[in-house]
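Student: Pasting a structure here, questions to come.
The values are calculated or read from the model by the stated rules, or taken from the named source; none is laboratory data. Quick caveat: nothing in here was measured; it's all calculated off a predicted structure. Please note: Cβ atoms are built from the backbone with ideal geometry, for glycine as well, and neighbour counts cover all protein chains shown.
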Amino acid sequence: MGEEENIDDEEIKIKSVFESKEILTSGNREIDQKMGGGIPAGSLTLIEGANDTGKSVLTQQLMWGALQQGFSLATYTTENTIKSLLKQMDSLSLDVSDYFIFGRLRIYPIHLKGVEWAGGIPLLDYIASHIKAKPGEVILIDSLTVFVSDASDNAILNFFTSCKNICDSGKTILITAHTFAFSEEMLTRVRSICDAHLSLKKEEVGDRLIRTLEVAKIRGAQKTTGNVVAFEVEPAFGLRIIPISKVKA
């Protein structure tokens, strides 16, 4: 009886965190546990990794979790159109089309080719201004790589500082980028500005492609971070956590 009560208490606690808007959860219990319970609202988060490490899939999981919690969300994507993003998430059993239809999810596709930016404003400044002016409790940028490739160090630092100031006003911002987009020194400085830092990698284990998520830092997390979780991406299922012991076996 005592054991059953403990299980019930744990389920109540998880449900309470999921329904709370103080913590942004992924909706995936195992990932949230590795993130120390989730990402505190009002945080600036950097999600970085090489090509095909699962950055977009992870952010889509976080999008789904945020919308399930009741957050309003805006995403800036250089990777998809509105239609392709909704279709991609649906294929991972993360259907968010209703949230889009009813305005809880706003999608801003950014296509650089042939785009004229107002008044010659630098791209990073334009995005920061747009984020500040538009509604959305959670902001996702996937991916920042194309914007920082030709930007100066000062422009990059000013952008992340602007995002941090926006977070101080209550918004939660998640930014994905390829590790190679920054110099080693710049990456260190950007990581220090951010409240949370998630690092993704991939490796082949036998005939399997395994991706790993390292929770390097989350300021204000409810539990200890610094954890590593291995996962696979399966069509019609999404993220599937793999025990580290099985990966090494």
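Student: Pairs only if they're at least six apart or on different chains, beta carbon under 6 angstrom, first in the range 82-103 and over 17 Å from residue 26 (Cα atoms), second in a helix (DSSP H, G or I) and among the aliphatic types (A, V, I, L, M); list them, first residue then second.
Tutor: 97/86
Student: Right, residue 238: in contact with a helix residue (DSSP H, G or I) (Cβ under 9 Å, 6 or more places away or on another chain), closer than 30 Å to residue 22 by Cβ, modelled with pLDDT under 80 and not polar (S, T, N, Q) or not? Steps first, answer last, please.
Tutor: Details: in contact with a helix residue (DSSP H, G or I) (Cβ under 9 Å, 6 or more places away or on another chain): yes; closer than 30 Å to residue 22 by Cβ: yes; modelled with pLDDT under 80: yes; not polar (S, T, N, Q): yes.
When the stated conditions are applied, residue 238 passes them.
Student: What about residue 98, is it on the phi < 0 side of the Ramachandran plot, assigned to a helix (DSSP H, G or I) and at pLDDT below 95?
Tutor: Judged against the criteria, residue 98 is not a match.
Student: Taking the condition of being in contact with a Gly (Cβ under 8 Å, 6 or more places away or on another chain) and of a type in the set (Phe, Trp, Tyr), how many residues in the range 86-113 meet it?
Tutor: Looking only at that region, the number is 0.
Student: Has the range 118-126 got any residue that is at pLDDT 90 or above, aromatic (Phe, Trp, Tyr) and part of a helix (DSSP H, G or I)?
Tutor: no
Student: How many of the residues making up the range 58-81 are closer than 23 Å to residue 38 by Cβ, touching a residue at least 60 places away in the same chain (Cβ under 8 Å) and not in a helix (DSSP H, G or I)?
Tutor: 7
Student: Same structure again: Take the residues in the range 127-148 that are in a loop (DSSP other than H, G, I, E, B) and modelled with pLDDT under 95, then tell me which one is surrounded by the most Cβ atoms within 10 Å (Cβ to Cβ).
Tutor: As a first pass, look at the range 127-148 and keep what is in a loop (DSSP other than H, G, I, E, B): 134-137, 143-144.
Within this subset, residues satisfying the condition of being modelled with pLDDT under 95 are 134-136, 143-144.
Values: 134: 13, 135: 10, 136: 19, 143: 22, 144: 27.
So the residue we want is 144.
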